[in-house]
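Chemist: Sharing a structure, written as structure tokens. Questions coming.
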Amino acid sequence: MSEEKHSLRERLAPMLPKFLMILLILQPLMDILSFWTDRLGMSNTITLLLRFAVFAVVCVLGFVTSSRKKVYGIAIAACAFLLVGHCISCFIVGYQRIVYDLTNFVRVVQMPLFVLCFISFLRANNKCYRAFETGLMLDFWIITASVVVSVLTHTSSATYQSTNVGILGWYSFGNAQSAIMSILAPIVILLCYRRKNFLLFTVTSVAALAQLYLMGTRLAFFSIAVAALGVPVVLVLTGKARTSKRYIAVLVLILAACCATYKQSPMYINQNRYNEAMSYKQNDAERMIKRAEGNKTGTSTVTPEERYHALCTIYNFYFPNMCQRFGTARVMSAYGYSDQVTDITATRHRKIVFCEMLLDEQPFTSRLFGMELGRMAFDGEIYDVENDFHGICFLYGWVGLAMMVAFIGYFLYLIVKCLIKDFRKYFTVEAGAFGIGLCLCLVYAYFTAGVLRRPNASIYMSVLLAVVYYLTQMRSEKPDALPDGTVGAVTRLPDASNTAGSGDTRPEVRALQTKKAVGVNVMPLPSSAVSSIFRSRRASARSRETGASFTSASSVSRSISKAPDCAHMGIGRSSSPCAFCAGHRSSQTDTIRSSSVPPDTPTSDEEGNSFRVSSSKLASSTRYNRSLPDPTGRSSRMRYSPGPFTWVFAV
């Protein structure tokens with residue numbers, strides 16, 4: 001049975017990158033489908049079932065492809081513990097809408113379960129990382145194209161329906177869509193920078209930051225500044241700023257244009273209208289207070305009873321439902337008897353106050369495992385809080401909030417640990433891109449309800465956390481692993497086992513095949529040293545024809561001595577050599593120099609060029625018992641296989 005499962009994982013692994021790209025491409029398409037079903041007055045059952053089907057397929061596939069089933073067992077046990085405690089807490093008070101409540105629970109647990117599945121995919125196939133990058137890029141352009149078409153066809157939805165401000169496109173939830181675009185913006189900008197295509201970088205930067213500008217939310221405008229300033233900071237910290245001045249200039253110019261047109265932006269227009277409305281309401285509230293106090297002027301004093309009666313008038317006018325549900329006195333006490341309309345009518349704060357008063361009526365188990373979602377409504381008005389962390393605390397109690405914070409905190413711990421351990425190694429362009437996206441994601445989760453409890457946005461957070469694990473933990477387990485799934489920036493010479501029968505006619509390949517045939521394993525030497533070896537060998541053949549003598553050790557040692565001090569797997573950028581690499585370079589030079597002594601075993605390659613191998617030196621060189629990095633560090637994105645090696649000798 002175990003062999004069958006292992007075989008199934010091997011068959012599924014090659015298909016995972018394509019599956020992930022399809023999964024990510026489906027996200028904006030399902031959002032568009034949800035928008036049009038709502039616009040046409042149709043039921044959202046189709047899109048809801050589709051999302052649940054996607055959730056089930058991802059979880060099953062992640063479990064099957066994982067070699068660490070215990071992790072899934074722990075995750076399922078934790079979710080079951082929270083669900084049972086939550087249901088017991090709700091049954092104590094009395095369940096109202098159990099299906100509605102359980103559906104919301106699945107939406108919340110989707111994010112952590114998707115993270116586990118995505119990590120399993122990355123472990124099964126390193127190419128899944130590139131699939132994530134490609135999928136996010138495709139998502140960005142699908143969203144961009146849909147917004148452009150919606151504007152041209154006058155079918156775009158407004159971000160703020162009451163004021164008809166902001167361009168949202170074919171998407172229903174402003175906070176969630178703003179979070180998605182804020183996450184994608186720095187990632188796609190830096191991915192385009194990595195391609196070194198200036199035109200593509202410029203177009204992508206303008207498209208990403210323009211969409212955030214036109215959405216009109218405050219966090220979207222804040223994200224413009226974070227992306228436009230964060231990307232140059234990443235380039236400075238990775239040592240690429242000097243060669244990227246024009247890329248940085250594009251971002252600075254876009255940010256300057258957004259700031260220069262701040263008063264014409266949808267965000268400013270909406271905030272200006274909101275402030276005007278609050279000013280009118282404040283004037284009305286002050287008139288109501290004076291009327292309730294009897295229009296006293298001059299030295300007349302207002303008694304506490306008159307003040308209390310005046311505030312009751314204001315609160316009953318603006319909070320009829322809350323006053324009816326909890327009583328006017330209790331509502332005023334929760335607001336500290338404030339007479340400021342901006343405080344009283346703030347939507348997010350009002351919902352938090354409602355849930356706090358509702359929680360005070362519940363037993364202690366509700367504080368541990370939360371309340372039912374259906375109870376956060378009264379007389380047709382929904383009071384589900386618009387902050388993800390607050391919402392999880394009210395819905396799933398202290399236990400649920402602690403589990404979520406601990407889960408996210410683990411990945412933040414990995415980031416901090418790796419940056420402290422080796423900042424230059426782990427802080428790459430890719431790490432900076434996903435790091436900016438994760439920071440913005442957490443900001444949106446705290447200030448809005450558009451990330452952790454919205455499956456269309458939480459999947460992007462799942463991708464971010466899985467990539468964080470890949471760039472930190474998996475790189476620690478395999479120090480030579482690069483973000484694209486390749487191994488080590490080390491030059492690998494052509495191997496006889498890989499080139500035999502391939503018809504390769506290069507002299508280097510045929511010579512190495514001959515060396516392989518006599519039992520000589522080839523160690524990856526610096527490219528300059530390898531070239532020197534083969535040039536020396538060909539010169540030796542020519543010198544024998546003319547009767548000249550030849551020695552190769554000096555030319556090879558010079559090639560190695562000219563190499564940079566330390567490349568350290570091609571990841572670090574330290575200019576000073578570490579003890580390991582310095583010792584390795586010295587050992588290479590000494591061993592090759594010693595090979596100029598007449599060796600034991602003469603032989604020749606297919607061209608008839610003679611060379612000899614010193615068996616004693618071969619035996620002594622195997623004491624290292626592992627492959628070492630290329631001291632030149634010139635080659636990148638190349639593979640080598642760790643294991644015992646022996647030296648290449650040309651004499």
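Chemist: Out of 237, 212, report the one residue that is of a type outside the set (Val, Ile, Thr) and over 18 Å from residue 267 (Cβ atoms). Outline the logic, then answer.
Modeler: On the way: 212 fails: over 18 Å from residue 267 (Cβ atoms).
Criteria check complete, one pass: 237.
Chemist: Looking only at the stretch 210-224, which residues are under 18 Å from residue 173 (Cα atoms) and among the hydrophobic types (A, V, I, L, M, F, W, C)? Before you say what the answer is, go through the steps one by one.
Modeler: So the first thing to find is which residues in the stretch 210-224 are under 18 Å from residue 173 (Cα atoms), and the list is 211-221, 223.
Selection gives 212, 214, 215, 219, 220, 221.
Chemist: Any idea how many residues of the stretch 145-174 are assigned to a helix (DSSP H, G or I) and surrounded by fewer than 21 Cβ atoms within 10 Å (Cβ to Cβ)?
Modeler: So the first thing to find is which residues in the stretch 145-174 are assigned to a helix (DSSP H, G or I), and the list is 145-152, 174.
Those left that are additionally surrounded by fewer than 21 Cβ atoms within 10 Å (Cβ to Cβ): 145-146, 148-152.
Within the stretch 145-174, residues that are assigned to a helix (DSSP H, G or I) and surrounded by fewer than 21 Cβ atoms within 10 Å (Cβ to Cβ) number 7.
Chemist: Another question, then. Of all the residues that make up the stretch 222-258, how many are among the aromatic types (Phe, Trp, Tyr) and crowded, with 21+ Cβ neighbours inside 10 Å?
Modeler: Here is the first cut: in the stretch 222-258, the residues among the aromatic types (Phe, Trp, Tyr) are 222, 247.
If we keep only those that are crowded, with 21+ Cβ neighbours inside 10 Å too, we end up with 247.
The number of residues fulfilling the criteria is 1.
Chemist: Check off (1) closer than 16 Å to residue 383 by Cβ; (2) modelled with pLDDT under 90; (3) charged (D, E, K, R) for residue 306 and give me the number that stays unchecked.
Modeler: (1)
Chemist: Could I ask something else about it? Go through the stretch 360-461 and tell me which helices (runs of 4 or more DSSP H), entirely inside it, have 1 or more residues that are among the β-branched types (Val, Ile, Thr). If you could, list the steps in order and put the result at the bottom.
Modeler: Numbers: elements: 364-369, 388-421, 423-426, 429-447.
Of the helices (runs of 4 or more DSSP H) lying wholly inside the stretch 360-461, those with at least 1 residues that are among the β-branched types (Val, Ile, Thr) span 364-369, 388-421, 429-447.
Chemist: Regarding the stretch 297-318, can at least one residue be identified that is in contact with a strand residue (DSSP E or B) (Cβ under 7 Å, 6 or more places away or on another chain) and among the charged types (D, E, K, R)? Give the derivation first.
Modeler: Our first condition is that a residue be in contact with a strand residue (DSSP E or B) (Cβ under 7 Å, 6 or more places away or on another chain); within the stretch 297-318, this holds for none.
No, there is no match, as no residue in the stretch 297-318 is in contact with a strand residue (DSSP E or B) (Cβ under 7 Å, 6 or more places away or on another chain) and among the charged types (D, E, K, R).
Chemist: Okay, moving on. Return the pair list, or none, for Cβ contacts closer than 8 Å from residues in the stretch 142-167 that are farther than 18 Å from residue 34 by Cβ to residues that are among the basic types (Lys, Arg) and part of a helix (DSSP H, G or I), at least 6 apart or on different chains.
Modeler: 163/273; 165/273
Chemist: Based on what the data block shows, is residue 231 farther than 30 Å from residue 163 by Cα and either in a helix (DSSP H, G or I) or touching a Phe, Trp or Tyr at 6+ places or on another chain (Cβ under 6 Å) (or both)? Give the steps one after another, and end with the answer.
Modeler: Working: farther than 30 Å from residue 163 by Cα: yes; either in a helix (DSSP H, G or I) or touching a Phe, Trp or Tyr at 6+ places or on another chain (Cβ under 6 Å) (or both): yes.
Yes; evaluated as a whole, the condition is true for this residue.
Chemist: Go through the stretch 1-120 and tell me which helices (runs of 4 or more DSSP H), entirely inside it, have 1 or more residues that are surrounded by 13 or more Cβ atoms within 10 Å (Cβ to Cβ) and within 22 Å of the chain's Cα centre (by Cα). Full working, then the answer.
Modeler: Values: elements: 2-12, 16-39, 45-65, 69-93.
Counting at least 1 such residues, we get 16-39, 45-65, 69-93.
Chemist: Name the residue, out of 437, 380, that is of a type outside the set (Ser, Thr, Tyr) and buried (at least 19 other Cβ atoms within 10 Å of the Cβ).
Modeler: Working: 380 fails: buried (at least 19 other Cβ atoms within 10 Å of the Cβ).
Only one candidate passes the filter, namely 437.
The values are calculated or read from the model by the stated rules, or taken from the named source; none is laboratory data. All values reported here derive from a predicted model rather than from experimental measurement. Heads up, the Cβs are rebuilt from the backbone with ideal geometry, glycines too, and the neighbour counts pull from every protein chain shown.
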